[in-house]
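Here the structure is laid out as structure tokens; the discussion comes afterwards.
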Amino acid sequence: MPAPRESSRVRVTIIVRIREGVLDPQGEAVRQALVDMGHDTVEDVRIGKVVEVVLPSGTGLPELAREWCERLLANPVVERYEIVSIEPV
């Protein structure tokens, strides 16, 4: 059996969420729907997004991902982001 070959691509996974203290109407609608379904203990729901980007591997990926978040993916006034992982594909 041939040895596994090293991947030349990576997947960058980023989570973007509404900041605490910022109104999240979509989250509130989901919270209310859960309460209406009988789940009275649900106190808060926040809706966010997961962004996955696949690209060739290389150096400087954390800095590149931060640039994407700060310039495109997240609105720093109302959202915060977290670079969750950079993994081979």
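Laboratory data are not the source of any read-out in this text; all were calculated from the coordinates shown. Computed from a predicted model, the values in this text were never measured in an experiment. When we count neighbours, we look across all protein chains shown, and the Cβ atoms used for this are built from the backbone with ideal geometry, even at glycine.
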Just give me the residues in region 56-89 being touching a residue at least 60 places away in the same chain (Cβ under 8 Å) and either under 19 Å from residue 17 (Cβ atoms) or in contact with a helix residue (DSSP H, G or I) (Cβ under 7 Å, 6 or more places away or on another chain) (or both), in sequence order. 78, 79, 80, 81, 82, 83, 84, 85, 86
Restricting attention to region 63-74, does a residue exist that is surrounded by 13 or more Cβ atoms within 10 Å (Cβ to Cβ) and among the small types (Gly, Ala, Ser)? yes
Residue count for region 15-55, restricted to those that are of a type outside the set (A, V, I, L, M), assigned to a loop (DSSP other than H, G, I, E, B) and under 17 Å from the mean Cα position of the chain (by Cα): 4
Which of the residues that make up region 56-76 are in a loop (DSSP other than H, G, I, E, B) and either β-branched (Val, Ile, Thr) or touching a Ser or Thr at 6+ places or on another chain (Cβ under 9 Å) (or both)? 57, 59
